[in-house]
Amino acid sequence: MSEVKTTPMVQERMIPSSPSAIVTITKQEGMVLYEDMILGRFFEDKCAEMYYRGKMFGFVHLYNGQEAISSGVIKAMRPGEDYVCSTYRDHVHALSAGVPARNVMAELFGKATGCSKGRGGSMHLFSAEHRLLGGFAFIGEGIPVATGAAFQSKYRREVMGDESADQVTAAFFGDGTTNNGQFFECLNMAALWKLPILFVVENNKWAIGMAHDRSTAQPEIYKKASVFGLPGVEVDGMDIMAVHTVAQAAVARARAGEGPTLIECLTYRFRGHSLADPDELRSKAEKELWFARDPIKKFSAYLIEQNLATLEDLKAIEKKIQAQVDQAVEFALESPEPDPAELYRYIFAED
Amino acid sequence: MADTLLFNALREAIDEEMSKDPTVMVMGEDVGHYGGSYKVTKDLYKKYGDLRLLDTPIAENSFTGMAIGAAMTGLRPIIEGMNMGFLLLAFNQIANNAGMLRYTSGGNFKIPLVIRGPGGVGRQLGAEHSQRLEAYFQAVPGLKIVACSTPYNAKGLLKSAIRDNNPVLFFEHVLLYNLKEDLPDEEYYLPLDKAEIVRSGTDVTVLTYSRMRHHAMQAVKTLEKEGYDPEIIDLLSLKPIDFETIGASIRKTHRVVVVEECMRTGGIGAEIVASISDRFFDELDAPVIRLSSQDIPTPYNGALESLTIVQPQQIVEAVKKIVDKQL
């Protein structure tokens with residue numbers, strides 16, 4: 001009897017070298033980026049704690065390890081003007097887009113003060129005010145919605161003559177999604193009509209338990225852009241400066257009416273697919289390799305090395321964010337449950 | 001306008017609303033240069049340009065999602081399903097996002113969207129082009145569903161659907177596009193939640209919609225000659241269903257025949273009969289008779305196809321049976 005083959009560690013791709021000209025940032029910009037990453041990390045750690053304490057329910061997908069992407073891309077956009085479209089792993093995108101941590105936390109607690117009024121939950125975060133289009137639980141379904149928002153910007157400018165309509169949309173999704181038709185269909189339409197959109201792939205190598213290489217004939221996702229005639233860029237998703245640089249260029253391109261960009265960020269999730277995932281398939285060696293590439297550690301070292309921050313500056317930010325996250329939990333705990341009399345509210349626009 | 005064909009009534013509705021509101025636009029397969037598979041948008045691209053009559057690639061799920069994203073951010077898109085059956089490919093976007101997103105977002109976004117096109121059983125188009133998706137979609141929360149049946153109601157209902165701030169599935173019927181009717185010269189809108197009493201009567205309430213309205217009216221000609229007096233109600237709105245109008249009629253006739261083109265199992269009629277039982281059971285003098293299409297894929301052969309859908313003679317017989325029943 002032949003020996004049963006186990007899945008070996010998924011082959012590591014060569015981490016792309018940084019873009020040749022990394023953007024320069026000011027101390028203040030550095031602090032904004034660092035704070036946003038720390039908020040993402042601390043918020044998610046708190047979610048795990050609250051989930052195990054029975055304060056939040058259902059499927060909860062944490063973003064730990066991928067922070068350089070959310071912060072690096074969304075902070076290259078205009079807050080409250082540009083559009084952000086996420087997936088089921090959406091807490092940190094919402095935070096980067098400016099949705100207050102307490103309203104995200106309250107949503108996860110199912111409270112009336114949640115950003116989706118307790119109707120959505122972890123996978124359905126929305127905020128019209130912060131131009132967060134969702135929160136989409138099924139694979140790929142956010143991409144067409146984001147493409148529609150981008151179409152709308154073009155439409156306003158070209159049909160309605162609104163010169164100020166230069167908003168850009170960023171659609172985030174994972175490696176697993178890039179085998180779904182909506183990905184290809186929307187790359188085609190966005191390139192066809194030169195829509196102002198960034199397709200940001202967070203390639204964390206695993207679609208739950210399906211290794212990227214086992215599901216994908218051509219695992220280098222950024223290369224798929226070329227057949228649709230749009231630029232595809234591969235970037236180290238653990239390096240916020242690299243992501244931020246690539247994102248700024250893509251945003252500028254989109255804003256100038258030159259069309260979409262596909263950005264493949266090579267990254268890793270430090271936790272299981274969701275808090276319900278036993279995470280048995282990823283090897284210890286693989287995890288350790290990626291834990292060592294923690295994007296927050298990398299960026300804090302960069303900030304200190306570049307004299308953009310002191311260790312004390314960073315500690316102060318961490319302390320401030322920890323307090324903010326703790327306050328978010330307090331707010332969520334104290335918030336009222338949705339009114340049962342409003343069970344039917346929000347089905348129709350008139351409600 | 002004298003003798004307006006139904007497809008032109010729809011075109012007028014779109015044209016009027018587009019001329020009034022620059023956020024109204026049409027997208028779908030061949031809606032622009034080709035003018036739509038049933039010419040509902042013929043030449044509108046010449047007046048409004050390619051972006052407002054957006055010819056899309058054949059990617060139903062994605063362009064439907066795109067319309068939803070555009071609606072969430074302030075446009076009022078009208079999607080044409082070249083054949084409504086094709087929208088099975090867009091089921092995810094219609095159900096999850098058009099239907100449910102407003103609710104799951106806690107009211108953050110509204111989705112003013114019309115999804116319109118030809119449905120129903122045509123003439124030997126084969127099973128896939130002969131579907132009645134209204135039955136499949138009726139369970140999706142957050143959708144409104146409308147079925148037009150005459151040039152007059154097609155125009156008035158479509159104008160209201162375009163103005164509505166919610167997603168509306170708007171079913172036309174592939175065999176009704178060439179109906180003719182004199183339309184009012186002045187502008188008009190029809191409510192999306194009201195049934196129409198097509199013929200007032202006292203013997204029995206016949207509830208129907210879309211093309212079956214015309215089968216029912218054909219049956220009326222025979223029934224009148226034989227002294228029967230049926231009340232014919234065209235539902236127009238399939239979701240919500242106008243139970244106010246239905247209830248008033250049942251309190252008068254105490255008998256109901258449902259005539260529909262969708263399949264019997266899980267159809268619109270199934271929902272109506274269940275709701276009548278919930279609401280008006282005590283008013284009924286006889287069990288409701290339900291005439292539906294057969295629970296089979298619509299066959300290509302013309303004779304078999306005729307056997308699949310309800311014919312006027314069956315309506316005549318059902319009415320006689322329920323009215324003649326000794327109480």
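The values are calculated or read from the model by the stated rules, or taken from the named source; none is laboratory data. No experiment lies behind these values; they were computed from the predicted model shown. Because the Cβ atoms are built from the backbone with ideal geometry, glycine has one as well, and the counts that use them run over all protein chains shown. For accessibility, only protein heavy atoms count, side chains too; no ligands or nucleic acids. Shrake-Rupley method; radii C 1.70, N 1.55, O 1.52, S 1.80 Å.
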Residue under evaluation B:GLN93, criteria (1) closer than 18 Å to A:HIS124 by Cβ; (2) modelled with pLDDT under 95, criterion not met: (2)
Odd one out for A:GLY135 among (1) more than 9 Å from chain B (Cβ to nearest Cβ); (2) on the phi > 0 side of the Ramachandran plot: (1)
Close pairs (7 angstrom Cβ cut-off, 6 or more residues apart or separate chains): more than 7 Å from every other protein chain (Cβ to nearest Cβ) in the stretch B:97-111, assigned to a loop (DSSP other than H, G, I, E, B) and open to solvent by 20 Å² or more (accessible area, probe 1.4 Å) anywhere: B:GLY99/B:PRO141; B:MET100/B:PRO141
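A quick yes/no check of all residues on (1) of a type in the set (Ser, Thr, Tyr); (2) more than 20 Å from B:HIS214 (Cβ to Cβ):
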{"position": "B:SER160", "(1), (2)": "yes, yes"}
{"position": "B:GLU181", "(1), (2)": "no, no"}
{"position": "B:LEU192", "(1), (2)": "no, yes"}
{"position": "B:VAL198", "(1), (2)": "no, no"}
Candidate set: the stretch A:138-149, residues that are hydrophobic (A, V, I, L, M, F, W, C) and facing another protein chain (nearest Cβ under 8 Å); chosen: the one surrounded by the fewest Cβ atoms within 10 Å (Cβ to Cβ): A:PHE138
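Here's the yes/no breakdown for (1) surrounded by fewer than 20 Cβ atoms within 10 Å (Cβ to Cβ); (2) among the small types (Gly, Ala, Ser):
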| position | (1), (2) |
| --- | --- |
| B:ALA70 | no, yes |
| B:GLY81 | no, yes |
| B:ALA95 | yes, yes |
| B:ILE115 | no, no |
| B:GLY119 | no, yes |
Residue that is assigned by TED's automatic domain parsing to the domain that holds B:LEU236 and open to solvent by less than 50 Å² (accessible area, probe 1.4 Å), where the choices are B:GLU260, B:GLU283: B:GLU260
Out of A:ALA323, A:ALA349, sole residue that is open to solvent by less than 60 Å² (accessible area, probe 1.4 Å) and touching a Lys or Arg at 6+ places or on another chain (Cβ under 6 Å): A:ALA349
Where a residue in the stretch A:191-209 is within 14 Å of chain B (Cβ to nearest Cβ) and its partner, wherever it lies, is hydrophobic (A, V, I, L, M, F, W, C) and open to solvent by 20 Å² or more (accessible area, probe 1.4 Å), with Cβ under 7 Å and at least six apart: A:ALA191/A:PHE228
Strands (runs of 3 or more DSSP E) fully within the stretch B:9-91 counting 1 or more residues that are of a type in the set (Asp, Glu) and either facing another protein chain (nearest Cβ under 10 Å) or without any contact (Cβ under 8 Å) to a residue 60 or more places away in the chain (or both): B:53-55, B:76-80
Enumeration of residues in the stretch B:236-279 that are part of a loop (DSSP other than H, G, I, E, B) and in contact with a helix residue (DSSP H, G or I) (Cβ under 8 Å, 6 or more places away or on another chain): B:LEU236, B:ILE241, B:HIS254, B:ARG255, B:ARG264, B:GLY266, B:GLY267
Those residues of the stretch A:278-297 which are open to solvent by less than 90 Å² (accessible area, probe 1.4 Å) and among the charged types (D, E, K, R), in sequence order: A:ASP279, A:ARG282, A:GLU286, A:LYS287, A:ARG293, A:ASP294
Residue, surrounded by the fewest Cβ atoms within 10 Å (Cβ to Cβ), within the stretch B:220-246, restricted to residues that are in contact (Cβ under 8 Å) with a residue 24 or more places away in the chain and more than 22 Å from B:GLU134 (Cβ to Cβ): B:GLU226
Residue ID - surrounded by the most Cβ atoms within 10 Å (Cβ to Cβ), chosen from residues in the stretch A:158-182 that are in a helix (DSSP H, G or I) and facing another protein chain (nearest Cβ under 10 Å): A:GLN182
Where a residue in the stretch A:101-128 is closer than 15 Å to A:VAL84 by Cβ and within 9 Å of chain B (Cβ to nearest Cβ) and its partner, wherever it lies, is open to solvent by 10 Å² or more (accessible area, probe 1.4 Å) and assigned to a helix (DSSP H, G or I), with Cβ under 6 Å and at least six apart: A:CYS115/A:ASN103; A:HIS124/B:THR104
